[in-house]
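Heads up: the structure comes next, in structure tokens.
The values are calculated or read from the model by the stated rules, or taken from the named source; none is laboratory data. Please read all numbers here as calculations on a predicted model, not as lab measurements. All Cβ positions, glycine included, derive from the backbone under ideal geometry; neighbour counts span all protein chains shown. Note: accessible area is taken over every heavy atom of the protein model, side chains too, but ligands, DNA and RNA are not part of it. Shrake-Rupley method; radii C 1.70, N 1.55, O 1.52, S 1.80 Å.
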Amino acid sequence: MPPHDTTRTTSGGAVRGDAARTVGLPGSPDTPGQAGPDATPRPKSPSRAGRRAEGRWGWLFVSPMVIVLGLFLVLPILMALWVSLLHWDGQSNPFTGQAKFVGLDNYRALLTQDGLDRTLFATALRNNLYYVLLTVPLQTVLALTLAIVVNQRMLRGRGALRTAFFFPSVTSSIAVSTIFLFLFQGSGAVNTMLSWIGVKGPNWFNDPRGVLSLLLGGLGLVDTGHPTGALADHSFMGLSWFEWLSGPSVAMCTIILLAVWTTSGTFMLIFLAALQDIPRELEEAAAIEGVNRRQLLRHVTLPALRPVLFLVLTLGLISTWQVFDQVYVMSQGAPGNTTLTPAFLSYSSAFGDADYGQGAAIAFILLALILTMTALQRLALRERTPRLRRNR
């Protein structure tokens, strides 16, 4: 029997039947110049004129906010930067040439030149550094602990507890500072309660001694009245190493307690919102694996809270370097400048000593310091992905 002929004649000539059947099959390549059977038309990219029109409309919609930010944020910053380069007493127009242009002299007086200005600025930096090192960790740990407590589903009165913990954050800082003044007086409520257990409380807001120096002196390691050796012989920015390492004063510790008490409620709400966003499946899976509470906190809760933890630490860092109102109400730098901060020093230099150029210079140095600390904190808290090793 002769083999079946697989050819058929078309108007264009004889074509093999197998080849004819393969045309248009799924997965087969299309003939050049022809569209496949399942091909869909590609969306046309917008023309250059269309993109320009969209850009103009976008700028039109954001222009009100850009104008507001420019007038009330960017322009004042640039004006303050210009004032920091002048010796200006605030009695003339600093933009008409009536104020004396001194360039970077205000910055040199604060950072490199020996004198009272640099000593006061170094003292303010030291006080604020201890304030940051103690306040930020304490308020973060306390806020996270309170958030975990009020997030318990079986806890009764969660709403009342959340309100009680958050209440100090919405209270006026001036009012709270005034109350703390009465509580920590020499004959105030705090010293009265300490006397019940046989402890004689200090005169809190009149004690300039550093707590670390008091501790070392109590242990007999350092003579706090007459330090010797490297602690007294070496200095940095006009302050000896003993002054740098003496710790926060007793008065500054009171302000630290006030800051921790008033700010933990706000950060508690931030942590609480993040805790409620963690999927319950993670906790249930950890419970099935027999994970205890400490392991759950370390391996499940804290990794999930990493972005929120960075936010809380950043907000705490910025606010603690800008502390002003508590210092203004409670101490104004006393006793012995041990509660002096850069923000209050900037205010007192400008509005107290009529040296607006130096006050502006202190503000910009503080801004640079905050940006640097925030960048270092971001670098320390970034997520680290393991690098894949190449097999050689």
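Ordering PRO335, THR145, GLY97 by the projection of their Cα atoms onto the charge dipole of the chain, which places +1 on the Cβ of Lys and Arg and -1 on the Cβ of Asp and Glu, puts THR145 at the extreme positive end.
Can you tell which of ARG293, ARG51, ARG209 shows the greatest fluctuation in a Gaussian network model of the chain with Cα springs below 10 Å? Among ARG293, ARG51, ARG209, the largest mean-square fluctuation in the Gaussian network model of the chain belongs to ARG51. A 1.4 Å probe run over the protein chains yields, for the chain, 66 Å² of accessible area per residue, whole-number rounding. Computed from the C-beta positions of ARG306 and THR119, the FRET efficiency with R₀ = 30 Å rounds to 0.15.
Summarising the label geometry, the points placed 7 Å from Cα in the beta-carbon direction at SER240 and ASN206 lie 2.6 nm from one another. Most tightly packed first, judged by the mean number of other beta-carbon atoms within 10 Å of their residues, the peptides 94-102, 338-346, 131-139, 199-207 read 338-346, 131-139, 199-207, 94-102. Rounded to the nearest 20, the Cβ-based charge dipole of the chain about its Cα centre (Lys and Arg +1, Asp and Glu -1) stands at 1660 debye. Site pair ILE370 and SER92 shows an inter-label distance of 3.2 nm when each label is modelled 7 Å from Cα along Cα→Cβ. Using Cβ point charges alone (K and R +1, D and E -1), the dipole size of segment 252-392 about the Cα centre works out to roughly 1060 debye. Of the peptides 186-196, 354-364, the order by per-residue mean of other Cβ atoms within 10 Å, starting with the highest, comes out as 354-364, 186-196. Report the one residue of LEU311, PRO227, THR254 whose Cα lies farthest in the direction of the positive end of the charge dipole of the chain (charges on C-beta: Lys and Arg +1, Asp and Glu -1; origin at the Cα centre). Comparing the listed Cα positions along the dipole, LEU311 ranks first.
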